[in-house]
Structure formats: C-alpha cells, structure tokens
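Below is one structure, written out as structure tokens, with a few remarks after it.
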Amino acid sequence: MDLKIEPINIIFTVVMATTAATLTIRWMMLYSKQDYLIVISAIVLVLSLAALLININQRLIQIQQDIEAKERALRISVKSVEDTVDKKLNAVVHRVNESVNDVSKRMYR
C-alpha cells in the first residue's frame, strides 16, 4: 500500500500534539505539580491516536480504490456479455424472420 499522507493530516497531528501538551501542562500547573513524564505520555498518546486515524483513512481510501476498480471491471464484463447476447439475439431474430418469410411465401403460392 502506497503511504501518501496529506499535508492537512500532518497539520492536524501537530495541532493535536501541541494542544495535548499545552492542556496537560496547564492542568498540572493548576495543581502546582510539574511532571514532564505525564506531558510526554500525553503527547505520545495523541500522536498514536493521530497515526491510528491516518491509518484508518489510508485503508478507507484503498478500499474505495479497490471497489472502483472492481466496478470498472464489472462494467466491462457486463458490456461484453451484452454485446454477445445482442449478436446472438440478432441472429435468432434474423432466422425467425427468414422462417416467417418462407412460411408466408408458401402460403401465398
């Protein structure tokens, strides 16, 4: 699978990480405690969440592309079957018309 991360996803990931860090630092300052392990853990947690969301997005894009490719193949296959049935039906109609013409010629003799 080709990993193409859109720039907007990177921007959202950076915003999520900085927001998590800021929120955690401000929350800890509220209780007069400074524990940078908690801040780093919050950042890692948010980055993991962002990576998970980007991965899900990439899989959905891949599934959509697979469905579109199968739909195109199915359309081509249906068109081929339609053409074959059309040719056979035209041949049958032609034979029936000839038979009707032969019968009608015999009746008028």
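Read the figures in this text as sums done on the coordinates, not as results from a lab. Bear in mind that the values here come from a model prediction, so they are computed numbers and not experimental data. Counting neighbours? That spans all protein chains shown, and the Cβs are built from the backbone with ideal geometry, glycine included.
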Charges at C-beta only: +1 for Lys and Arg, -1 for Asp and Glu. How large is the resulting dipole of the chain about its Cα centre, in Debye rounded to 20?
560 debye
Averaged over all directions, how much area does the convex hull of the C-alpha atoms of segment 7-108 cover when projected, in nm²?
11.0 nm²
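Compute the signed sum of charges (Lys and Arg +1, Asp and Glu -1) over the other residues within less than 14 Å, Cβ to Cβ, of Arg95. The partial results should precede the final answer.
Values: positive: Lys87, Lys88; negative: Glu98, Asp102.
Result for the local shell: 0.
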Report the gain in length on full extension from Val93 to Ser32: 0.36 nm times residue separation, minus Cα-Cα distance, nm rounded to one decimal.
12.8 nm
Return the distance in nm (one decimal) between the two label points of a simple spin-label model at Val15 and Asp86, each offset 7 Å from Cα along Cα→Cβ.
5.1 nm
Would you check the chain for Lys pairs whose C-alpha atoms are within less than 26 Å, ignoring same-chain pairs closer than 8 in sequence, and give me the count?
6
Counting only helical runs of four or more DSSP H residues, what would the 222 nm mean residue ellipticity of the chain come to if each run contributes -39,500 (n - 2.57) and the total is spread over all its residues?
-33500 deg cm²/dmol
Mean separation of Cα pairs under 8 Å and 6+ residues apart, divided by the residue count of the chain: what relative contact order is that in percent?
24 percent
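If the chain between Ser41 and Arg75 were fully stretched, how many nm would it gain, using 0.36 nm times the residue separation less the Cα-Cα distance?
Gain on extension, Ser41 to Arg75, equals 7.2 nm.
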In Å, the Kirkwood hydrodynamic radius of segment 70-109 over pairs of distinct alpha carbons?
12.2 Å
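Filter the chymotrypsin sites (Phe, Trp or Tyr not before Pro) in segment 1-37 down to the DSSP loop ones having no more than 12 other Cβ atoms within 10 Å, then list what survives. Working shown, then result.
On the way: sites: Phe12, Trp27, Tyr31, Tyr36; in loops: Tyr31.
Answer in residue order: Tyr31.
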